[in-house]
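Worksheet: one structure, shown below.
No lab work stands behind these numbers, since they all come straight from the coordinates. None of these values were measured; they are calculated from a predicted model. Here the Cβ positions follow ideal geometry from the backbone for every residue, glycine too, while neighbour counts run over all protein chains shown.
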Amino acid sequence: MAVSNHLSQFQDRFKAVTTYNREQLDTKIVHIGFGAFHRGHQAVYNDLTNQASGELWGICEINMFGSEDLVANLVAQDCLFSVIEKSKDTVCSRLVRTVTEAIHTPVSGIAAAIAKIAEPQVSIVSLTITEKGYCVDPQSGLLDEANSLIQHDLANPQAPVSALGLITEALRVRRDKGLAPISILSCDNIPENGHLTKNAVLAYAAKLDQQLASWIEQNISFPSTMVDRICPAMTAEEFAAIEVEVGYADPCGVVCEDFRQWVIEDNFVAGRPDWDLAGAMFVNDVLPYEEMKLRMLNGSHSFLAYNGALAGYEYIYQCMQDPTFKAATLKLMTQEQAKSLSPNLNVNLEQYAGLLIERFSNANVKHKTAQIAMDGSQKLPQRAVDPLLQLQKQGLKVTCLPILIAGWMHSIIGAVKKGEQIVDPLADEFKHIVDSQAEPLAQAKALLAINKIFGTHASDNAKFSQQVESAFVSIEEYGIASVIDSIAVN
């Protein structure tokens, strides 16, 4: 039986909860980055909101990179896909019905994506393109004009290959047609992601046309968001689990945890869905929530990704089965990351840390340490460097954060020596550093001097460099298990 027929049967089972008429969906959202996280997070919120609201918002999905198979499979399935939500005890199956169409630009052409964003009814362009997709310097947050995608797009603005280029060209078309302004909604794990997106788009647009940049600044809004749900990259095992659970093979399906959270700056110029009907929170200032999540959840994830992998753990939940890793992670959250946050944050951080430990311990969600470890150069500044420096300013003791950075260093050095692929925009620079230095500590010092990650802190802040180098040497001399144990017991 065809996949679409299986999906139709599955949809029939959910008529009690999926009551809205898909034929009435209006494609008001264009989303760039149809990855596992978007499928398990924003698409679910939008689907639930459509069920609870009288106004139906459809999503057009755009992928600009990767295999064409995902979009092709989605179209073949009438843009339906399944989401399996797993707690430690229960499994819930959901059919997401909110997607109306999909475009893979290497196949359909970038003009199709530009035209879609420039359609009159579109109100929001949302993004999950990972940190590196914004083409900014991770240390300064400014547009990286040396980025190869940006250089291409500046030379070919009507045939862009970056998300920034696509958005800017589509906004130009909308302006020239006299269409209403729209909102650009970043859903990536970046502090003040709306501000970063706005600054990057404006800087790029100004390189092409200052009048266009001015029009964007005056008319387009860039709300910030905080997003949270653990959605591991899909594996053959997870796809098999979907088939067992729902009775059909779904190449677009995702498996994720049952927890989800979305905090959104309520700054939309052309309307928005009532996502709060599905549990989202609209606020005036997202930054405190962003920093809480980025440091306590994502920072702890990175701590486990590098050091857990050094200890031989493939998955996050396995790290939590090790009492010393569990205790060390809780100490990182409560004694360091939590203390680096704004004192005005109205959240019980002890309870939040306990919830995170519980989520990390969910063996039904197999989140690979290797997946979290990707693109470390883009993640370390906000997850480790910023909170470490903040704690220094406060005169507080710092133990775990230097080990996070040192674990990353050992991970990079080990990968280069073993000839393993490093998924990171600075992978070539890492390889050059490791290959050109004979001694491990010299390699560590050279990595710490990379301006795009650490700025000038290695040279300007002796305490910072000493703490990280000391942590690196401890791992080198005593092994990661001993170092983690020392954190847990002290």
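Translational diffusion coefficient of the range 236-308 (Stokes-Einstein, Kirkwood radius from Cα pairs, 20 °C, 1.002 mPa s): 137 µm²/s. Mean separation of Cα pairs under 8 Å and 6 or more residues apart, divided by the residue count, gives the range 287-489 a relative contact order of 27 percent. Database remark: amide H of residue 102 closer than 5 angstrom to the amide H of 61 (H placed geometrically; neighbours at sequence offset of 5 or more, or on other chains; Pro and chain starts carry no H).
Subtracting the Cα-Cα distance of residue 393 and residue 140 from 0.36 nm times their residue separation leaves 89.1 nm of extension gain. Phi angles across the range 373-384 convert, under the Karplus curve 6.51 cos²θ - 1.76 cosθ + 1.60 with θ = phi - 60°, into 3J(HN,Hα) values of 6, 4, 6, x, 4, 7, 9, 4, x, 7, 8, 10 Hz, Gly and Pro given as x. Annotation: amide H of residue 136 within the under-5 Å range of 144, sequence separation 5 or more or interchain, hydrogens built in the peptide plane.
Based on the Kirkwood approach, the hydrodynamic radius assigned to the chain is 23.5 Å, with every pair of different Cα atoms included.
Convex hull of alpha carbon positions in the range 142-285: directionally averaged projected area 11.3 nm².
The simple Förster model, with R0 at 30 Å and r as the Cβ-Cβ distance, assigns residue 208 and residue 374 a FRET efficiency of 0.45. Toward the positive end of the charge dipole of the chain, with +1 on the Cβ of Lys and Arg and -1 on the Cβ of Asp and Glu, the farthest Cα among 19, 378, 462 is that of 462. Label positions at residue 346 and residue 358, each projected 7 Å from the Cα along the C-beta direction, are separated by 2.3 nm.
A straight line joining the Cα centroids of the range 124-169 and the range 395-433 runs 26 Å. Descending by average beta-carbon neighbour count within 10 Å, the peptides 350-363, 93-106, 22-35 line up as 93-106, 22-35, 350-363, the highest first. For the range 267-357, the C-alpha radius of gyration sits at 1.32 times the compact-globule guess of 2.2 N^0.38 Å, with N the residue count.
Within the range 3-283, DSSP assigns beta bridges of which about 30% are antiparallel (rounded to the nearest 5). Dividing the mean sequence gap of close Cα pairs (under 8 Å, 6+ apart) by how many residues the range 3-283 holds gives a relative contact order of 23 percent. The protection proxy used here, the mean number of other Cβ atoms lying within 10 Å of each residue, ranks peptides 177-185, 364-372 as follows, highest first: 364-372, 177-185. Just so you know, the Cα atoms of the range 287-489 work out to an Rg and Dmax of 15.9, 49 Å. For the chain, 60, 79, 92, 135, 187, 252, 319, 400 stand unpaired, since no other cysteine beta carbon lies under 4.7 Å from theirs. With a length cut of 20 Å (Cα positions projected on each helix's long axis) and a Kyte-Doolittle mean of at least 0.5, go through the chain and give me the DSSP H helices that pass. Sorted by number, the helices that extend far enough and score high enough are 400-418. Only Cα pairs under 8 Å and 6+ residues apart enter the sum, and on that basis the relative contact order of the chain stands at 14 percent.
Between the amide H of residue 255 and those of 84, distances stay under 5 Å, these residues lying 5 or more places away or on another chain, with hydrogens modeled in the peptide plane. Per the Cα gyration tensor, the range 3-283 maps to an equivalent ellipsoid with semi-axes of 32, 19, 18 Å, ordered largest to smallest.
Derived scalar couplings between HN and Hα for the range 82-91 equal 9, 10, 9, 9, 10, 9, 6, 10, 10, 10 Hz in order, rounded to whole Hz, by the Karplus curve 6.51 cos²θ - 1.76 cosθ + 1.60 (θ = phi - 60°), x for Gly and Pro. With the highest mean first, a sort of the peptides 266-277, 377-388, 466-477, 234-245 on other beta-carbon atoms found within 10 angstrom per residue produces 377-388, 466-477, 266-277, 234-245.
How far apart, in nanometres, would the label points at residue 195 and residue 121 be if each is projected 7 angstrom from Cα along the Cα-to-Cβ direction? If labels sit at residue 195 and residue 121, their model points lie 3.6 nm apart. When the C-alpha to C-alpha distance is required to be over 32 Å, the pairs from 88/331; 207/463; 397/445; 88/463; 116/207; 132/326 that qualify are 207/463; 88/463. Over what distance in Å are the Cα centres of the range 35-53 and the range 357-388 separated? Cα centroid of the range 35-53 versus Cα centroid of the range 357-388: 23 Å apart.
With a simple spin-label model that places each label point 7 Å from the Cα along the Cα-to-Cβ direction, the separation between residue 24 and residue 438 comes to 7.6 nm.
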